[in-house]
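K.L.:
Have a look at this one before I ask anything.
The values are calculated or read from the model by the stated rules, or taken from the named source; none is laboratory data. On a predicted model such as this, the values are computed, not experimentally measured, just so you know. Reconstructed Cβ throughout: ideal geometry from the backbone, glycine too, with neighbour counts over all protein chains shown. Ligands, DNA and RNA are stripped out before the accessible areas are found, and what is left, the full protein with its side chains, is counted by its heavy atoms. Shrake-Rupley method; radii C 1.70, N 1.55, O 1.52, S 1.80 Å.
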Amino acid sequence: MISKKELISNLNSDLTKEYAAMIQYIQHSSMLHGGEYVEVIDKILEHAKDEHEHAIILTDIIQYLGGIPTVEVYPRQTSLDNREMLYQDLNYEYDALNGYNQRISQAENLGLFDIGQKLRNIALEEENHIIDLEKALGILKIDP
Ligand SMILES: [Fe+2]
Ligand SMILES: [Fe+2]
């Protein structure tokens, strides 16, 4: 089981990734080119807004726990290739979802069920981001 201090540190790491994802999505939305990407550009601009919201929720949680929210930003990635950009975004989403799934149990192990719930709501949105990107890339697995 981790300490509250370690949870704060992990949440700050999540926060650096939310900032990065937001910036990356904004930049990718302007770099994606070609008619088939019009729909996904709208989607990822929505994702950018969601990541902005997630960053605010995380700063509130960190502050509530007695920590100081970071201003550090995780490295961003970009490409001149459409699919490569979408894969970069997708990999960040997988990483974010994996992180939140760990964070939910870490918070709940400390008895912080309200925070666990807030993190669960964020995780659900990351899952939807993954579905949007997998659909755009044509790799969404359908199990009829
Ligand atoms: Fe997010
Ligand atoms: Fe996301």
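K.L.:
Can you tell me the Rg and the Dmax, both Å, for the Cα atoms in the range 1-40?
P.N.:
16.4, 50
K.L.:
Quick check on packing: order 23-34, 73-84 by the mean number of other C-beta atoms within 10 Å, highest mean leading.
P.N.:
So the peptides 23-34, 73-84, ranked by packing, come out 23-34, 73-84.
K.L.:
Which semi-axis lengths, in whole Å and largest first, follow from the square roots of five times the eigenvalues of the Cα gyration tensor of the chain?
P.N.:
Working from the Cα gyration tensor, I get semi-axes of 29, 16, 11 Å.
K.L.:
Within the chain, how many Lys pairs that are eight or more residues apart, or on different chains, come under 27 Å at the alpha-carbon?
P.N.:
Lysine pairs meeting the criterion: 16.
K.L.:
Place +1 on the Cβ of every Lys and Arg and -1 on the Cβ of every Asp and Glu in the chain, take the dipole about the Cα centre, and give the residue among 52, 64, 25 whose Cα lies farthest towards its positive end.
P.N.:
64
K.L.:
Continuing with the same structure: For n ≥ 4 DSSP H runs only, could you compute -39500 (n - 2.57) per run for the chain, divide by its residues and tell me the 222 nm figure to the nearest 500?
P.N.:
Counting only the DSSP helices, I get -27000 deg cm²/dmol.
K.L.:
Another question about this same structure. Residues of the range 1-97: accessible area per residue at 1.4 Å, in Å²?
P.N.:
In whole numbers, the range 1-97 has 55 Å² accessible per residue.
K.L.:
Using a 1.4 Å probe on the protein chains only, how many percent of the accessible area of the chain belongs to carbon and sulfur?
P.N.:
Using a 1.4 Å probe with all protein chains present, the chain comes out at 54 percent carbon and sulfur.
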